[in-house]
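Novice: Take this structure, written in structure tokens, and hold onto it; I'll ask about it next.
The values are calculated or read from the model by the stated rules, or taken from the named source; none is laboratory data. Please read all numbers here as calculations on a predicted model, not as lab measurements. Glycine gets a Cβ as well: all are built from the backbone with ideal geometry, and neighbour counts include every protein chain shown. For accessibility, only protein heavy atoms count, side chains too; no ligands or nucleic acids. Shrake-Rupley method; radii C 1.70, N 1.55, O 1.52, S 1.80 Å.
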Amino acid sequence: MLIVNGTVHTMEGLTIPNGYVAVSGGKIAGTGPMEECPEHWEGERVDAREGHILPGFVDAHSHLGMFGDALGFEGDDGNEATDPCTPHLRAIDAINPLDRCFQEARAAGVTTVLTGPGSANPISGQFAAIKTNGRWVDAMVVKAPVAMKLALGENPKCVYNERHETPVTRMATAAIIRENLAKALEYAGKLDRAAEDEDEEKPDYDAKLEALLPVVRGELPVHIHAHRADDIATGIRIAKEFGLKCVIVHGTEAHLIPELLEQEGVPVITGPCLGDRSKPELANMTIESPAVLTMRGVKVAICTDHPEVPVQHLPLCAAMAVKGGMNPEAALAAITINAAEIAGISDRVGSLAPGKDADIVITSGHPINLLSRVEAVYIGGVRVHG
């Protein structure tokens with residue numbers, strides 16, 4: 001396929017005013033100005049008609065497929081709120097790819113999402129990065145697990161206070177996380193010693209600790225749900241104690257402590273930005289936060305937290321960040337290449353670089369312009385909308 005006559009946003013530091021994108025074997029084969037466009041190319045030729053050509057949008061934090069659309073409890077599979085420590089839970093065992101919100105995501109140009117369990121539990125479970133096109137999740141996976149979800153602040157407190165169980169304080173939430181990370185380190189040590197010395201007894205299998213092994217070994221990042229500035233600081237504190245790769249999710253008050261995030265090199269997945277201040281943690285919510293963080297050198301992605309904000313409004317969330325002072329290209333990066341890099345999947349998605357998946361969106365105008373229409377969407381070079 002050859003997509004021609006459009007403004008190409010490669011998201012690799014280059015925007016081509018009148019260019020083309022070549023696709024071969026479901027991968028990006030090349031980009032360039034129209035004067036360098038190949039005259040002969042096998043396959044379909046698509047005219048962007050002076051629109052914009054860009055990589056598919058990446059929602060860096062959602063619960064798509066975990067909370068069924070218009071189903072209530074029967075389709076609610078996002079929170080196992082019966083045990084505060086559930087690292088062994090896997091998003092791929094709960095995602096319903098036939099939920100109609102996947103089609104709405106594709107129609108809006110959202111081609112990849114990170115989705116997984118919610119924030120009821122201090123240690124919630126394993127997130128997955130998946131494409132938004134498919135009928136069974138195994139064929140949609142980009143990377144699973146992609147992160148271990150942790151949660152701080154009001155959510156665990158409220159859930160377990162209603163159950164009259166621990167944790168009901170921020171101290172207990174942090175303590176549960178620390179306790180289980182320490183157990184995982186001890187478990188890892190016993191496994192290592194048993195592998196090196198046949199006289200050492202191997203520990204009994206523990207599904208929770210097995211799931212935490214790649215976390216404490218620094219192989220799997222933790223995505224920490226934290227709104228308030230003190231909760232963000234707690235998350236970073238715990239990550240430093242255990243040498244974890246850390247990403248802050250939501251970060252509603254991150255703009256109040258940008259120097260800490262900059263100093264520690266911790267990225268932030270901001271959002272959702274469309275909604276009211278429905279709980280005390282959100283008192284300082286502002287659409288200016290992504291701009292403030294970006295200006296301070298913090299890597300930022302923008303998310304919907306679907307279904308908090310429906311996934312199809314991801315470009316709208318980026319537009320709100322522009323209204324809050326963010327550069328339009330930086331906002332576009334926050335839902336493409338930055339989101340992919342923070343997720344650790346930028347080898348596959350997030351930009352129009354040769355060799356990456358041919359996940360492509362064609363829009364009638366600049367993608368952050370609310371009046372622009374999504375004309376066509378491709379996932380792996382296959383047209384899925386338009």
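Novice: So which residue, out of Asp206, Asp197, Asp69, gets the largest mean-square fluctuation from a GNM of the chain using Cα contacts under 10 Å as springs?
Specialist: In the Gaussian network model the winner is Asp197.
Novice: Sticking with this structure for a sec: Can you tell which of Pro117, Pro38, Pro17 shows the greatest fluctuation in a Gaussian network model of the chain with Cα springs below 10 Å?
Specialist: Pro38
Novice: Related question: Is it possible to state the helix-based mean residue ellipticity at 222 nm for the chain, with each DSSP H run of 4+ residues giving -39500 (n - 2.57), the sum divided by total residues, to the nearest 500 deg cm²/dmol? What is it?
Specialist: -8000 deg cm²/dmol
Novice: About the Cα centre, and with charges only on the beta carbon of Lys, Arg (+1) and Asp, Glu (-1), how big is the dipole of the chain? Nearest 20 debye, please.
Specialist: For the chain, the charge dipole is close to 780 debye.
Novice: Using a 10 Å Cβ count of at most 13 others and DSSP loop calls, identify the longest part of the chain lacking such trypsin sites (Lys or Arg not before Pro).
Specialist: In short, 278-372.
Novice: Further question: If amide hydrogens are placed 1.01 Å from N in the peptide plane, which non-local residues have theirs closer than 5 Å to the one on Val146?
Specialist: Close amide H contacts, sequence-distant or interchain: Phe127, Ala128, Ala129.
Novice: Quote the FRET efficiency, to the nearest 0.05, computed for Arg100 versus Glu288 with a Förster distance R0 of 41 Å and r equal to the Cβ-Cβ distance.
Specialist: It comes out at approximately 0.75.
Novice: Give, as ranges by residue number, the residues of the stretch 207-222 whose backbone N falls under 14 Å from the point 7 Å along Cα→Cβ of Glu264.
Specialist: The answer is 222, whose backbone nitrogens lie closer than 14 Å to the label point.
Novice: Would you kindly state the longest site-free stretch of the chain, with sites defined as GluC sites (Glu not before Pro) in a DSSP loop (not H, G, I, E, B) surrounded by at most 10 other Cβ atoms within 10 Å?
Specialist: 220-386
Novice: I've got another one for you. Tell me, how many Å apart are the Cα centres for the stretch 23-45 and for the stretch 299-335?
Specialist: About 30 Å separates the Cα centre of the stretch 23-45 from the one of the stretch 299-335.
Novice: Cα-Cα pairs above 32 Å in the chain: how many percent?
Specialist: 34
Novice: Counting only the heavy atoms of the protein chains, how much of Val141 is accessible to a 1.4 Å probe, in Å² to the nearest 10?
Specialist: 50
Novice: Which distance in Å, rounded to a whole number, links the C-alpha centroids of the stretch 229-288 and the stretch 336-386?
Specialist: Here the two parts' Cα centres lie 27 Å apart.
Novice: Where does helix 207-216 land angle-wise versus the long Cα axis of the chain, in degrees 0 to 90, nearest 10?
Specialist: It is inclined by approximately 60 degrees.
Novice: How much area per residue is accessible in the stretch 210-313 when the probe is 1.4 Å and only protein heavy atoms are counted (Å²)?
Specialist: Accessible area per residue: 39 Å².
Novice: Can you give me the long-range amide H partners of Val46? Hydrogens built in the peptide plane at 1.01 Å from N, cutoff under 5 Å, separation of 5 or more residues or another chain.
Specialist: Distant-sequence amide H within range of Val46: Leu2, Ile3, Val4.
Novice: I would also like to ask the following. Return a whole-number percent for the relative contact order of the chain, with Cα pairs under 8 Å and 6 or more residues apart as the contact set.
Specialist: Relative CO of the chain lands at 20 percent.
Novice: Next up: Find the accessible area per residue for the stretch 20-99; the probe is 1.4 Å, ligands and nucleic acids are left out, and the unit is Å².
Specialist: 51
Novice: Just to be sure I understand: with springs between alpha-carbon atoms less than 10 Å apart, which residue in Gly355, Gly43, Gly125 has the highest mean-square fluctuation in the Gaussian network model of the chain?
Specialist: Largest GNM mean-square fluctuation: Gly43.
Novice: Tilt of helix 314-323 relative to the longest C-alpha principal axis of the chain, in degrees (0 to 90, nearest 10)?
Specialist: Roughly 90 degrees between the two axes.
Novice: Starting from the Cα-Cα distance between Ala70 and Glu186, subtract it from 0.36 nm times their residue separation and give me the gain in nm to one decimal.
Specialist: Residue separation times 0.36 nm, minus the Cα-Cα distance, leaves 37.4 nm.
Novice: I've got another one for you. Treating the angle as unsigned and between 0 and 90°, give the value, to the nearest 10°, between the Cα long axis of helix 170-196 and the longest Cα principal axis of the chain.
Specialist: Once rounded, the angle reads 90 degrees.
Novice: While we're looking at this one, here's another question. Take the solvent-accessible surface of the protein heavy atoms, probe 1.4 Å, and return the percent of it on the chain that carbon and sulfur atoms account for.
Specialist: C and S atoms contribute 49 percent here.
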